[in-house]
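Only one structure is covered here, and it is reproduced in the block below.
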């Protein structure tokens, strides 16, 4: 086979380069982000969210502020690389949130009408496949890839160096360490043929939070937050796919000094549309909204998401050049 033909065949195995799904709990991490690709691939993701509701969307604890109306524009950018570890697929990424948020909230018995902008807490993410196909070390491996039933181990750690003002409750940085441990699952349903692929994808995870000892002059602690994301995805064509997404949040009870808030027990649903523009570039659009959010203490959140992922592999790019492909 001519060298120029190989990149086109391998492109179907390079749709997503690793689990570049950044950290905030309501950030709409698109479906299919946990499909595996050829080891040694690189990717640069950019995820844009317009989010409104009664909680700070830069805080994955999603602490509800009854009666608040907070809006934000958030961007998540980063860099990730896939590699082989102990014969399994692995990925490491660095992600940085940035943006602006504003709104009226009540904290420490006072009402604040505040705005904040700049950078949030950077996050390091590690993903390691523990069940499913072995790592794709060469082009034949990539061409033969089918997820079957795949399970990963996922760990995130946020470094509290984002912009923080201890005189206001709305901030992009959280002034505390926090992170996530999860088990991404990809379950292939039916044949693995471009244009006919169907998957059920799950991500059960727990967020763990350190204390913030300077939250408007007080100390805030937060119980672990359990979160389950689910996606049912289906190809419409070789390049265009859709997904139905759902998320369940429970736990995350916050305490400020002696005042304890409510535990979360909320659901959110929405659709995602994905399109593979070319062998390197993919685009997704998504919307998600909470549904059981009538009471003041219920989590209320609406999120519109656009994500762009640019991925490449030195081997594939080199073969393109050798084959004279433009």
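Sort 174-181, 120-127, 145-152 by packing, meaning the average of other beta carbons within 10 Å per residue, with the highest value first.
120-127, 174-181, 145-152
So how tilted is helix 314-323 from the main axis of the chain? Cα-based, degrees 0 to 90, rounded to 10.
40
Once you keep just the Cα pairs under 8 angstrom separated by 6 or more residues, what percentage relative contact order results for the range 5-323?
Worked out over the range 5-323, it gives 18 percent.
Under a plain spin-label model, where a point goes 7 Å from the Cα along Cα-to-Cβ, how far apart in nm are residue 278 and residue 198?
Going from the residue 278 label point to the residue 198 one covers 3.3 nm.
Could you give the length gained by full extension between residue 295 and residue 213, i.e. 0.36 nm per residue of separation minus their alpha carbon distance, to one decimal place?
That pair, residue 295 and residue 213, stretches by 26.6 nm at full extension.
State the Cα centre-to-centre distance between the range 184-237 and the range 264-310 in whole Å.
The range 184-237 and the range 264-310 have Cα centres separated by 12 Å.
Which value in deg cm²/dmol, rounded to the nearest 500, describes the helix-derived mean residue ellipticity at 222 nm for the chain, given -39,500 (n - 2.57) per DSSP H run of n ≥ 4 and division by the residue count?
Rounded to the nearest 500, the figure is -1500 deg cm²/dmol.
Please state the shape class of the range 245-326: rounded when a/c is under 1.5, otherwise prolate if a/b exceeds b/c and oblate if not, all from the C-alpha gyration tensor.
Prolate shape, in that a/c is at least 1.5 and a/b is the bigger ratio.
Taking the range 30-125 as the region of interest, what is the percent of Cα-Cα pairs per 10 angstrom bin, listed from the shortest bin to the one with the maximum distance?
Whole-percent P(r) values from 0 Å outward: 14, 37, 25, 16, 8, 1.
Using the beta-carbon distance between residue 257 and residue 42 and R0 = 51 Å, what value does 1/(1 + (r/R0)^6) give for FRET efficiency, to the nearest 0.05?
Step by step, r from the Cβ atoms, then E = 0.65.
At a 10 Å Cβ-Cβ cut-off, how would you order 263, 294, fewest neighbours first?
294, 263
Can you give the extra length, in nm with one decimal, that the chain gains between residue 189 and residue 165 once fully stretched, where that is 0.36 nm per residue apart less the Cα-Cα distance?
Fully extending the segment from residue 189 to residue 165 adds 3.8 nm.
Strictly greater than 19 Å: what percent of every Cα pair in the range 30-83 meets that?
That fraction is 48 percent.
We did not get these values from a lab; they are worked out from the coordinates using the rules stated. All values reported here derive from a predicted model rather than from experimental measurement. As a convention, Cβ positions derive from the backbone with ideal geometry for all residues, glycine included, and neighbour counts pool all protein chains shown.
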